[in-house]
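The values are calculated or read from the model by the stated rules, or taken from the named source; none is laboratory data. Keep in mind that this is a model prediction, so the values were computed, not measured. Cβ placement follows ideal geometry from the backbone for every residue including glycine, while neighbour counts extend to all protein chains displayed. When the accessible area is computed, the model is the full protein with side chains, heavy atoms only, and any ligands, DNA or RNA have been set aside. Shrake-Rupley method; radii C 1.70, N 1.55, O 1.52, S 1.80 Å.
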Amino acid sequence: MKLLSQTHAEVQAERLARIALDSLIDEARLSPKPGLVDSRGNGAHHDLSLALMEYSAYSLTPMFLQLAQQSWLRPADIALREMIGRLGREGEQQMMAATAGVNTHRGAIWALGLLVSAVAMNGSQASAQQIADTAAMLARLPDSAAPKIFSKGLKATHQYRVPGAREEAQQAFPHVMNLALPQLRHSRANGANESEARIDALMAIMTSLSDTCVLSRAGMPGLEAMQNGARAVLNAGGCATAAGRDELAALDVQMLALNASPGGAADLLAATLFLDRVSQPLSCSF
């Protein structure tokens, strides 16, 4: 029986790592995404490309596998939190080596790393809310080995006094649970194809997220443009409608003009796609 249990855990760990990879790849390829790297081009970035984003995602697969293996059926405690932090930092080093120093997925390492561990802690059988709540428990625990780095995102949270990626995780990913995941499933149920539903989910995140990537590049005017433009897309009926697509194109032009790229929203979209694949369906709140 012990051998069977180990085999099951290994199979599930490999499955979780593969789903995390697929979520990053699908997010990167999804088009059209305002200001972001996608299948059309580099968006507002000069140092990123779709090929680099995909290469980065593949470099993180061993980290996701280790996180799932080490978190399997474990309780949320400081020992596990510090192990997750160590594996995350090692994964970031692998990413930086793969991309020659370009930060492609630092935010996604944090969000998806916590979620992969949270699914494994629940033995792969959990609702989206249970997974998000477990991830939040982990995010709220201290990691004594965490480096004291004042990143661009952290600078933006201090300068503009807004919550960032850390708070999003500690609050159980409200932009994913309350906005993106319900919108994704609502759009599907109302006839949108998969790409349209995923873009609508991204717009749902962008309507209210204090995206520190946008704040770092374009300040508060950029953030307001992102939020207002995303609302306009959804208010017009979403990407399955001609009016919604027109609003999306207008937002894309505006983001490029502002040199704004909502990388934080993209990370949360990848988290949304991951949770959508690994969890039991939510009831639609629309």
| message | Tell me which of Ala128, Ala230, Asn193 sits at the most positive position along the dipole axis of the chain, charges placed on C-beta atoms (Lys, Arg +1; Asp, Glu -1). | response | Ala128
| task | Note the full-extension length gain between Asn235 and Gln93 as 0.36 nm times their separation in residues minus their Cα-Cα distance, in nm to one decimal. | result | 47.0 nm
| task | Pairs of Cα atoms under 8 Å, at least six residues apart: use those to get the relative contact order of region 1-137, whole percent. | result | 24
| field | Cα centre as origin, Lys/Arg/Asp/Glu Cβ charges: the chain dipole, Debye | value | 420
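Tell me, what is the percent relative contact order of region 172-258, built from C-alpha pairs under 8 Å that lie six or more residues apart? Intermediate values should be presented prior to the final figure.
Numbers: 100 pairs, mean separation 22.0, N = 87.
Over region 172-258, the number comes to 25 percent.
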| task | Report the relative contact order of the chain, percent, no decimals, based on alpha-carbon pairs under 8 angstrom and at least 6 residues apart. | result | 23
| Roughly how many Å² is the accessible area per residue of region 1-102, as a whole number, for a 1.4 Å probe? | 48
| query | With springs only between Cα atoms under 10 Å, which of Ala145, Ala68, Ala28 fluctuates most in a Gaussian network model of the chain? | reply | Ala145
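So between Asn259 and Ser195, what do we pick up on full extension, going 0.36 nm a residue minus the alpha carbon distance? Mind showing how you got there, number by number?
Working: separation 64, 0.36 × 64 = 23.04 nm, distance 2.42 nm.
Length gained, Asn259 through Ser195: 20.6 nm.
Mean residue ellipticity at 222 nm from the helices of the chain, using -39,500 (n - 2.57) per DSSP H segment of n ≥ 4 over the full residue count, to the nearest 500 deg cm²/dmol? Intermediate values should be presented prior to the final figure.
Values: 13 runs with 193 residues, N = 286.
That comes out to -22000 deg cm²/dmol.
Report the gain in length on full extension from Arg86 to Glu224: 0.36 nm times residue separation, minus Cα-Cα distance, nm rounded to one decimal.
On the way: separation 138, 0.36 × 138 = 49.68 nm, distance 3.58 nm.
Length gained, Arg86 through Glu224: 46.1 nm.
Of all accessible surface on the chain at a 1.4 Å probe, what whole percent is carbon and sulfur?
Details: 6700 of 12510 Å².
Of all accessible area on the chain, carbon and sulfur atoms account for 54 percent.
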| note | Nearest 10, in degrees from 0 to 90: the angle of helix 2-29 to the longest Cα principal axis of the chain is 20
| said: Using a Förster radius of 35 Å, what is the FRET efficiency between Gln159 and Thr7 based on their Cβ-Cβ separation? Nearest 0.05, please. | reply: 0.10
| task | Choose one answer from Asp211, Asp267, Asp276: the residue with the largest mean-square fluctuation in a GNM of the chain with alpha-carbon springs under 10 Å. | result | Asp276
| For region 167-286, what is the accessible area per residue in Å² when the probe is 1.4 Å? | 38
| said: Given a 10 angstrom Cα cut-off, can you work out which residue in Leu60, Leu258, Leu181 is the most mobile in a GNM of the chain? | reply: Leu258
